[in-house]
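Data first, discussion second: the structure below is written as structure tokens.
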Amino acid sequence: DTAVSQTPKYLVTQMGNDKSIKCEQNLGHDTMYWYKQDSKKFLKIMFSYNNKELIINETVPNRFSPKSPDKAHLNLHINSLELGDSAVYFCASSQDRGGYGYTFGSGTRLTVV
Amino acid sequence: QQQVKQSPQSLIVQKGGISIINCAYENTAFDYFPWYQQFPGKGPALLIAIRPDVSEKKEGRFTISFNKSAKQFSLHIMDSQPGDSATYFCAASRVGSEKLVFGKGTKLTVNP
């Protein structure tokens with residue numbers, strides 16, 4: 001059983017389209033995250049949810065909107081995709097607040113053409 | 001402002017050698033320092049972590065050394081193996097914050 005699963009693994013789309021990435025965790029963790037990894041491998045947090053409540057919202061364009069229907073799911077919807085949105089997006093979860101013991105998903109490689 | 005600085009950017013080591021990756025941080029409120037290992041096409045996976053109340057933590061071939069006064073910590077991989085070839089990230093977080101701040105990563109290549 002995959003602990004943190006993301007779908008799709010690959011996403012190729014045209015500029016201007018709207019797309020969603022789904023994430024589910026079966027670890028019973030209370031906190032979920034979205035991280036963006038750019039072409040230079042730099043990992044940066046985008047959002048954090050704790051029990052469906054938005055905790056962290058870094059400086060991210062408002063074209064990006066996270067949604068957490070329950071504490072096991074955190075989806076990422078992106079409107080009006082731009083070339084610069086091309087990256088690998090990772091979902092992660094942790095039991096406690098404080099950045100301890102993150103478990104990452106295997107990532108979604110988004111390519112905007 | 002980069003809160004966690006990692007070096008080197010890339011590292012090539014011969015099989016059986018010692019790999020050393022260094023990180024420095026600025027925020028003295030950080031109290032948790034993990035290292036993550038990432039293989040191509042996979043997400044980062046927690047390798048080993050340390051808190052500032054100890055100066056060293058060892059798990060198998062992996063050791064974290066921590067210098068609180070210098071605000072530095074490092075990962076040592078003893079007897080490096082080709083299977084250790086991956087990108088390694090140091091990170092830091094503080095009490096009450098869910099946010100992990102990552103270093104920029106070190107690509108380790110272990111030659112057979």
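The values are calculated or read from the model by the stated rules, or taken from the named source; none is laboratory data. On a predicted model such as this, the values are computed, not experimentally measured, just so you know. As a convention, Cβ positions derive from the backbone with ideal geometry for all residues, glycine included, and neighbour counts pool all protein chains shown. Heavy atoms of the whole protein, side chains included, go into the accessibility calculation; ligands, DNA and RNA do not. Shrake-Rupley method; radii C 1.70, N 1.55, O 1.52, S 1.80 Å.
Note on A:Y49: accessible area is roughly 30 Å² with a 1.4 Å probe, heavy atoms of protein only. Rounded to the nearest percent, how much of the accessible area of region A:4-112 (1.4 Å probe, protein heavy atoms only) is carbon and sulfur? Solvent-exposed carbon and sulfur of region A:4-112 make up 48 percent of the total. With a 10 Å cut-off around each Cβ of B:99-105, the average count of Cβ atoms from other chains is 6. Surface listing: B:E56, A:E24, A:E58 arranged by accessible area from highest to lowest gives B:E56, A:E24, A:E58, probe 1.4 Å. Remark: mean inter-chain Cβ contacts per residue of B:13-23 equal 0, using a 10 Å Cβ-Cβ cutoff to other protein chain atoms. Among B:E59, B:E26, B:E98, the residue with the largest mean-square fluctuation in a Gaussian network model of chain B, with springs joining Cα atoms closer than 10 Å, is B:E98. Largest GNM mean-square fluctuation among A:Q14, A:Q95, A:Q37, using chain A with Cα springs under 10 Å: A:Q14. Assuming charge only on the beta carbon of Lys and Arg (+1) and of Asp and Glu (-1), the dipole of chain B about its Cα centre is about 160 debye to the nearest 20. Going from the isolated chain to the complete set of protein chains, region A:74-109 loses at least 20 Å² of heavy-atom accessible area (1.4 Å probe) at A:F90, A:R97, A:G98, A:G99, A:Y100, A:G101, A:Y102, A:F104, A:S106. Buried on complex formation within region B:72-94 (loss of at least 10 square angstrom of accessible surface versus the isolated chain, 1.4 Å probe, ligands and nucleic acids ignored): B:T87, B:F89, B:S93. For the pair region B:1-77 and region A:13-38, the centres of their Cα atoms are 27 angstrom apart.
In the context of the full protein assembly, A:K22 retains an accessible surface of approximately 120 Å², using a probe radius of 1.4 Å and ignoring ligands and nucleic acids. Highest GNM mean-square fluctuation among A:T13, A:T59, A:T103, for chain A modelled with Cα contacts below 10 Å: A:T59. Accessible area per residue was computed with a 1.4 Å probe on protein heavy atoms; A:K9 scores about 80 Å². Per residue, chain B exposes 48 Å² of solvent-accessible protein surface, assessed with a 1.4 angstrom probe and all protein chains in place. Per residue, region A:4-112 exposes 47 Å² of accessible surface when a 1.4 Å probe is rolled over the protein heavy atoms with every protein chain present. Karplus-based coupling profile of region B:101-112, in residue order and whole Hz: 9, 9, x, 7, x, 10, 8, 9, 10, 10, 7, x, with θ = phi - 60° in 6.51 cos²θ - 1.76 cosθ + 1.60 and x standing for Gly or Pro. Association of chains B and A removes close to 1700 square angstrom of accessible area from solvent, both sides included, for a probe radius of 1.4 Å.
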